[in-house]
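The values are calculated or read from the model by the stated rules, or taken from the named source; none is laboratory data. What you are looking at is a predicted structure, and each value in this text was computed from that prediction instead of being measured. Neighbour counts are summed over all protein chains in view; Cβ atoms, including those assigned to glycine, are modelled from backbone coordinates with ideal geometry. Surface accessibility is based on the protein's heavy atoms, side chains included, excluding ligands, DNA and RNA. Shrake-Rupley method; radii C 1.70, N 1.55, O 1.52, S 1.80 Å.
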Amino acid sequence: MITAFFKGILLATKNWKLVLLLLVASILFSIPVVIPIFLLIVTTTASTSASGQMMADKLYAPWAADMVNQQFPGFSLESFGLQLGVGILIMGIGYLLLNIFFSGGILEVFASEDQRFSMRKFWSGSGAHFWRFTRLTLISLVFYGVAIIIFLLVRSLIGRVESRAEAFESVVYKTWFNLFLLMLMIAFVNMIFDYARISTVLNDSRKMIRETWRAIVFSIKNFLGAYVLYLLIAVIGVGLFLAFSTLRSLIAQNGMGTVFLAFLLAQIALTARMWNKLNFYASEMLYYQDRTRPREAELDFKSPLNIASSGEETPAPQKTEAPGTVAEFPFGDNIEG
């Protein structure tokens, strides 16, 4: 597991061009939602004291109050909220489909012989596995639903305990434990379907229910190593993202230079998230290949030397002579005599 983790980091870093491709695609995909918000802020804060506050990523309370009370000419909060909500919904569905599409290309690159990014391998893998991965995503909704049902049942039980509880702290701890349990269950479902995608690519399979079952069996059989590997990568990814985001929030954005620096750190944080996505697939694929590869002991057991040493006699090869030789006529000497 540790070997797969470090090799996965190297493999993800080696394919830095793929990281940049994912970053550019993510930025371009967010533009339809970001631009309306940006234009709203620019048009409503021009030549006002709110512009400096908004530039520094600080919400200016009077501006927010005027927006809620619809004090800006030509602005309707209901209309803008509806447009923004529809845009976010469309972007969310599109971003999900884009992730499904890109997952096939990423795994195709990592499953190749040289494990290096090329446009041909990436786009061909993305197209070849898109519908299969879409079916896997639909199947995964059942498992996510089970996790949410368990969460709701535990929360209902906590609610009953809360009505009879004497100490409020114990209820708070149980609620936090329930949320933590939900996160662990969702992480486990994510891991299962990561391995289902990996198995689909490696086996070039078209039967997604079978690959789901195979991934469940693999995840349970290798639970400790697979789950620790997943959580380790997740913690590192969250840590990197929070570190860059916190560093960005500490910058006083009071000029174009500091605004650009804050923008740069935000893109680095996003790049770290894309790199960690590759790290997930690279490490998990290496771990899956290692755990499913036939062991040397099994191969040696089937070798001819081991079969001979097991006491089984192998039949001696039969000699075939050319027609007309002495071996064909065992009494050749008598004939000559």
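Only one entry in Leu98, Leu107 is touching a Lys or Arg at 6+ places or on another chain (Cβ under 7 Å), in a helix (DSSP H, G or I), open to solvent by less than 60 Å² (accessible area, probe 1.4 Å) and touching a residue at least 12 places away in the same chain (Cβ under 8 Å), namely Leu107. Just a yes or no: is a residue in region 266-275 of a type in the set (D, E, K, R), at pLDDT below 75 and assigned to a helix (DSSP H, G or I)? No, region 266-275 has no match at all.
Beta carbons closer than 6 Å, at least 6 apart along the sequence or on distinct chains, pair a first residue in region 173-194 that is aliphatic (A, V, I, L, M) with a second that is open to solvent by 60 Å² or more (accessible area, probe 1.4 Å) for Val189/Phe143; Val189/Tyr144.
Of everything listed in (1) surrounded by 15 or more Cβ atoms within 10 Å (Cβ to Cβ); (2) farther than 17 Å from Trp275 by Cβ, the single unmet condition for Phe244 is (2). Collect the residues in region 27-65 that are surrounded by 12 or more Cβ atoms within 10 Å (Cβ to Cβ), modelled with pLDDT under 65, out of contact with any helix residue (DSSP H, G or I) (no Cβ under 6 Å at 6 or more places or on another chain) and of a type in the set (Ser, Thr, Tyr), keeping them in residue-number order. Hit for region 27-65 is Thr48, nothing else. The number of residues in region 21-41 that are under 20 Å from Gly104 (Cβ atoms) and in contact (Cβ under 8 Å) with a residue 12 or more places away in the chain comes to 6. Within region 214-237, the residues that satisfy the criterion of being surrounded by 13 or more Cβ atoms within 10 Å (Cβ to Cβ) and of a type in the set (A, V, I, L, M, F, W, C) are Ala215, Ile216, Phe218, Ala226, Val228, Leu229, Leu231, Leu232, Ile233, Ala234, Ile236.
Return yes or no: is Leu10 open to solvent by less than 60 Å² (accessible area, probe 1.4 Å) and out of contact with any Asp or Glu (no Cβ under 8 Å at 6 or more places or on another chain)? No: the conditions fail for Leu10.
Looking at region 176-207 only, could you name the residues that are of a type in the set (A, V, I, L, M, F, W, C), farther than 17 Å from Tyr144 by Cα and buried (at least 19 other Cβ atoms within 10 Å of the Cβ)? Across region 176-207, the qualifying residues are Ile198, Val201.
When you scan region 18-26, do you find a residue that is of a type in the set (Ser, Thr, Tyr) and either modelled with pLDDT under 60 or under 24 Å from the mean Cα position of the chain (by Cα) (or both), even just one? Walk me through how you get there before you give the answer.
Kept after step one, since they are of a type in the set (Ser, Thr, Tyr), are these residues of region 18-26: 26.
Now narrow it down to the ones that are either modelled with pLDDT under 60 or under 24 Å from the mean Cα position of the chain (by Cα) (or both): 26.
Yes - at least one qualifying residue is present in region 18-26.
Residues that are charged (D, E, K, R) and either open to solvent by less than 60 Å² (accessible area, probe 1.4 Å) or over 27 Å from Gly127 (Cα atoms) (or both): does region 258-276 have at least one? Walk me through it before giving the result.
Initially, region 258-276 is screened for residues charged (D, E, K, R), giving 273.
Next cut, either open to solvent by less than 60 Å² (accessible area, probe 1.4 Å) or over 27 Å from Gly127 (Cα atoms) (or both) only: none.
No, because not a single residue in region 258-276 is charged (D, E, K, R) and either open to solvent by less than 60 Å² (accessible area, probe 1.4 Å) or over 27 Å from Gly127 (Cα atoms) (or both).
Within the option set Ile209, Ile198, being part of a helix (DSSP H, G or I), over 19 Å from the mean Cα position of the chain (by Cα) and closer than 30 Å to Glu108 by Cα holds for one residue only, Ile209.
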